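The values are calculated or read from the model by the stated rules, or taken from the named source; none is laboratory data. Note that the structure is a prediction, hence the values are computed from the model and not measured. As a convention, Cβ positions derive from the backbone with ideal geometry for all residues, glycine included, and neighbour counts pool all protein chains shown. To get the accessible areas, we keep the full protein, side chains included, count just its heavy atoms, and leave off ligands, DNA and RNA. Shrake-Rupley method; radii C 1.70, N 1.55, O 1.52, S 1.80 Å.
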Amino acid sequence: MDTIRRIKTASGHLKAVERMVDEDKYCADVLLQLQAVISSLEKISNIILENHLETCMRSAILRGEDEEIIRELKTFMKYKRG
């Protein structure tokens, strides 16, 4: 699954950040590596959200669970960056 591969990649990048901080590497290099982690996690989040919308939310729509859907979408919007 592509999502699992992406999670493992992000985890590897995060471990690299931890190692860099532990080794007192140049701050700019640490920040660049950290930005790669953040970007990876945002991509993963988007993939999972898209899947959720196409599966779980679609089923909820068909069941007529409008209030639950709206509440859930508001929660997603609250935590979504940019």
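Quick rundown of the values:
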{"quantity": "Positions within the range 25-58 being open to solvent by 80 Å² or more (accessible area, probe 1.4 Å) and within 29 Å of Thr9 (Cα to Cα), in sequence order", "calculated": "Lys25, Tyr26, Cys27, Leu31, Leu32, Gln35, Leu41, Lys43, Ile48, Glu50, Asn51, Glu54"}
{"quantity": "Neighbours by Cβ (under 8 Å, 6+ apart or cross-chain): first from the range 1-29, without any contact (Cβ under 8 Å) to a residue 60 or more places away in the chain and of a type in the set (A, V, I, L, M); second part of a helix (DSSP H, G or I) and loosely packed, with under 15 Cβ neighbours inside 10 Å", "calculated": "Met20/Asp29"}
{"quantity": "Tally of residues being in contact with a Leu (Cβ under 9 Å, 6 or more places away or on another chain) and either among the small types (Gly, Ala, Ser) or at pLDDT 90 or above (or both) across the range 58-82", "calculated": "0"}
{"quantity": "Residues satisfying the stated conditions in the range 59-82, i.e. charged (D, E, K, R) and under 29 Å from Ala10 (Cα atoms)", "calculated": "Glu72, Lys74, Lys78, Lys80, Arg81"}
{"quantity": "Any hit, the range 33-41, residues being without any contact (Cβ under 8 Å) to a residue 12 or more places away in the chain, over 22 Å from Tyr79 (Cα atoms), over 14 Å from the mean Cα position of the chain (by Cα) and part of a helix (DSSP H, G or I)", "calculated": "no"}
